[in-house]
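Q: To start, I am sharing the structure in question, which I have written as structure tokens.
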Amino acid sequence: MPSRTPIIFLPRFDTSLVPRNSIAGRALVAVVAIMTFLASLTAGGVVLVSQAASEWQSDVSREVTIQLIPAAGRDTDALVDKAASVARNFPGIAEVRVYSKDESAQLLEPWLGAGLKLEELPVPRLIVVKIASGAAPDIPQLRSMLAEQVPGATLDDHRGWIDRMRAMAGTAVAAGIGILALMIAATILSVTFATRGAMATNRTVIEVLHFVGAKNGFIASNFQRHFLLLGLQGGAIGGGGAILLFAFAALMTRWFAGTAGGAQTQALFGSFSIGWSGYLIVVLQVVLIAVVTAYTSRVTVNRTLEMID
């Protein structure tokens, strides 16, 4: 029988083209984590402002206020009862609440302080009118009826406040989008410099691979895979930290519910929870930053290899 030639298996060395645990790589992970954390905070802040503005607009749009200024020769209490009666009998009105003289004076304490004697001042009497759900009462007609039947009564439908809230919410959203764009631009620049640094460190190996026939796509794919993992790692750290911070803030808001500070915080930001939609936005940001990181590195590598050609 013919002798068989022994097959010798040579050891195989798989070495990554781009060092995984280099100082530059760890620094890039830190930069991406910080950028993702700040971007997530910005996105969460935009969500909170949008939710709070929506709740404020909903509450304000369901209420109108009747104001009656006391004057000499007028029976203020009788006029207040008359205005409340007109509002109760008007179609589309769900509830009418009359503020007493003391309650109306208490509304001025945050600005004037407590302990002031306001008996001699013409403190306006207020009537809060709540609109029924789904109803659209004719506010101009109600205003004209009050002007005819109740001397000195004025109706405020808070349209100016609603317009201001919409403008503030729109400004906050626009500012948030601008900040996110700056964060992404800063991430692109950081990845570009990191990619060029990695190519400069391994320039000899890259040139040898390039001249022996390795295609640009092969070399670029190694860098793209490397920076994709770095982007995912940094994004997960930054996005995870932001999610934990928002969850902790929501928990603390529920913990301090019922206190004065908790009531003020809830009045401004609601439950201080960004909800599932907010958390989904943070996760999408992590994926977006990782994709941007990988794509930026690939473009940088291709442009650098074109210069070698």
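The values are calculated or read from the model by the stated rules, or taken from the named source; none is laboratory data. Fair warning: this is a prediction, and the values are worked out from it, not measured in the lab. Here the Cβ is made from the backbone with ideal geometry for all residues, glycine too, and neighbour counts use every protein chain on show. With ligands, DNA and RNA removed, areas are computed over all heavy atoms of the protein, side chains included. Shrake-Rupley method; radii C 1.70, N 1.55, O 1.52, S 1.80 Å.
Q: For VAL212 and ALA27, calculate 0.36 nm times their separation in residues minus their Cα-Cα distance, and state this gained length in nm to one decimal. Don't jump to the answer; show the numbers that get you there.
A: Working: separation 185, 0.36 × 185 = 66.60 nm, distance 3.24 nm.
Result: 63.4 nm gained on full extension.
Q: To the nearest 0.05, how large is the calculated FRET efficiency for LEU229 and SER133 if R₀ is 45 Å and r is the Cβ-Cβ distance?
A: 0.30
Q: Which value, in Å² rounded to 10, gives the accessible area of ASP75 with a 1.4 Å probe and all protein chains present?
A: The accessible area comes out at roughly 100 Å².
Q: Taking R0 as 30 Å, what FRET efficiency do you get between ALA200 and VAL291 from their Cβ-Cβ distance, rounded to the nearest 0.05?
A: In this case the efficiency is close to 0.75.
Q: Want the number for GLU63 to ARG88: 0.36 nm per residue separation, take away the alpha-carbon distance, what's left?
A: Gain in length upon complete extension: 7.7 nm.
Q: Right, another one. Counting only protein chains, not ligands or nucleic acids, how are THR187, THR304 ordered by accessible area (probe 1.4 Å), most first?
A: Order by accessible area, largest first: THR304, THR187.
Q: Subtract the Cα-Cα distance of ARG74 and THR171 from 0.36 nm times their separation in residues, and report this length gain in nm to one decimal.
A: 30.4 nm
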